[in-house]
1. Please report the net charge: other residues with Cβ closer than 13 Å to the Cβ of His165, K and R +1, D and E -1.
2. Rounded to the nearest 0.05, what FRET efficiency do Ser153 and Arg29 give with R0 = 35 Å and r taken as the Cβ-Cβ distance? Could you check?
3. Under 19 Å Cα-Cα from Lys123, which aspartates and glutamates qualify once same-chain neighbours fewer than 8 residues away are excluded?
4. What is the dipole size for the chain, taken about its Cα centre, with +1 at each Lys and Arg Cβ and -1 at each Asp and Glu Cβ, in debye to the nearest 20?
5. Taking Lys188 as the anchor, which aspartates and glutamates have their alpha carbon closer than 17 Å to its alpha carbon, excluding any fewer than eight residues away along the same chain?
6. Taking all protein chains together and a probe of 1.4 Å, list Lys113, Lys123 from the most accessible to the least accessible.
7. Which of the aspartates and glutamates could a cross-linker span from Lys46 if the Cα-Cα distance has to be under 18 Å and same-chain partners fewer than 8 positions apart are dropped?
Amino acid sequence: QEFMSANPNESSAPYALLDCAITLVRLGRSSESLPLFAKAEVAAGKRPVLLPTLARYRAEMALSRNDYRDVIARTGSAMREIANLGPSTEADLTRLVGLALLRSGDRQAGLRKCQAAFVAALKLVDDPGEALDTRLALLEALLATRDSADAASVFRDMESALGAHPESRWRALALLAHSDRQYADRAKEA
């Protein structure tokens, strides 16, 4: 908020608005972030470089609020309308729409999108976080479609990276515990 108030000029204010909105979402204060996102969207009209990041975080916020229709609409329009999304943002939007489809009941379509996001993320050698996020989404999709063999394989592939990501480690173990009780104690410990 200090950065936002200290940067009233037209060139840096949109970035400050977006950073503050993203931080509020991460803190679980989504309702406070909405007006900032709205102002950042207006500013993005003059700074189209903000549009991919804005689309990603608005979709992520909608997913955290279980507003699956909004996620699907936002990711669809972003992928159609924003030029130069970049491979990382495109993989991330594909992951988000996959999770929205999956959680809204269209498990097969959600699985396909999560698989596509995973394949795209594997090509991003410079973004290990994206690979982990898409592996978690794929794990969730495989478990939702009752493919425990492939889910176990995905978990084994990402298990070594989970040590540095405690929240992701907990999420993966909690997902696995739903289908295989052997992971329940590890999930509780995590």
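The values are calculated or read from the model by the stated rules, or taken from the named source; none is laboratory data. Worth saying up front: this structure is predicted, and the values here are computed from it rather than measured. All Cβ positions, even for glycine, are placed from backbone atoms using ideal geometry, and neighbour counts span all protein chains on display. When the accessible area is computed, the model is the full protein with side chains, heavy atoms only, and any ligands, DNA or RNA have been set aside. Shrake-Rupley method; radii C 1.70, N 1.55, O 1.52, S 1.80 Å.
1. Residues near His165 contribute -1 overall.
2. Once rounded, the FRET efficiency stands at 0.40.
3. Candidates past the 8-residue exclusion: Glu90, Asp92, Asp133, Asp157.
4. So the magnitude is around 420 debye.
5. Glu159, Glu167, Asp180
6. Lys123, Lys113
7. Candidates past the 8-residue exclusion: Glu10, Asp19, Glu81.
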